[in-house]
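A short worksheet on the structure shown next.
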Amino acid sequence: MDDRGSRRTTMAAKDTYAALMLQAAGVIRLRYVVCGRNDQLPPVAADELANLFEGLSNGDPAFDQIDPNEAIALAHRLLDDDHPEQSRLWPHNP
């Protein structure tokens, strides 16, 4: 693969990652903030988690310490509605 093809592949992967993070943020806001679906995840915590996903989608350096693989896994759990609370990134009540 030439250098241009490699760059296109890298950009496509970044675009896909960003789209997944934005979709997860939208699901969180709709499911947990707007609809108040889960009493264990208050709307404020859900909004903060959605902000995290949006920050990751934008490449915000404030979120560089977040494991991208964990973020991807949580995004998929959210989209599949498959126990997202089991993720290390899920806000837990003290």
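Give the residue that is modelled with the highest pLDDT, with candidates limited to residues of region 36-58 that are of a type in the set (D, E, K, R) and either assigned to a helix (DSSP H, G or I) or touching a strand residue (DSSP E or B) at 6+ places or on another chain (Cβ under 9 Å) (or both).
Among them, the one singled out is Glu54.
Name, by its number, the condition in (1) modelled with pLDDT of 90 or more; (2) not in a helix (DSSP H, G or I) that does not hold for Ala71.
Of everything listed in (1) modelled with pLDDT of 90 or more; (2) not in a helix (DSSP H, G or I), Ala71 misses just condition (2).
Could you tell me whether Val33 is modelled with pLDDT of 90 or more and part of a helix (DSSP H, G or I)?
no
For region 59-68, how many residues are touching a Phe, Trp or Tyr at 6+ places or on another chain (Cβ under 9 Å) and not in a helix (DSSP H, G or I)?
Looking only at that region, the number is 0.
Being of a type in the set (A, V, I, L, M, F, W, C) and under 19 Å from His83 (Cβ atoms) is the filter here, so list the residues in region 29-69 that pass it.
Leu30, Cys35, Leu41, Ala45, Ala46, Leu49, Ala50, Leu52, Phe53
Restricting the first residue to region 70-94 and requiring it to be touching a residue at least 24 places away in the same chain (Cβ under 8 Å), which pairs with a second residue that is part of a helix (DSSP H, G or I) and among the β-branched types (Val, Ile, Thr) meet a Cβ separation below 6 Å and a spacing of at least six or different chains?
Leu78/Val27
The values are calculated or read from the model by the stated rules, or taken from the named source; none is laboratory data. The structure presented is a predicted model; accordingly, all values stated were derived computationally and were not measured. FYI the Cβ positions are ideal-geometry reconstructions off the backbone, even for glycines, and counts take in every protein chain you see.
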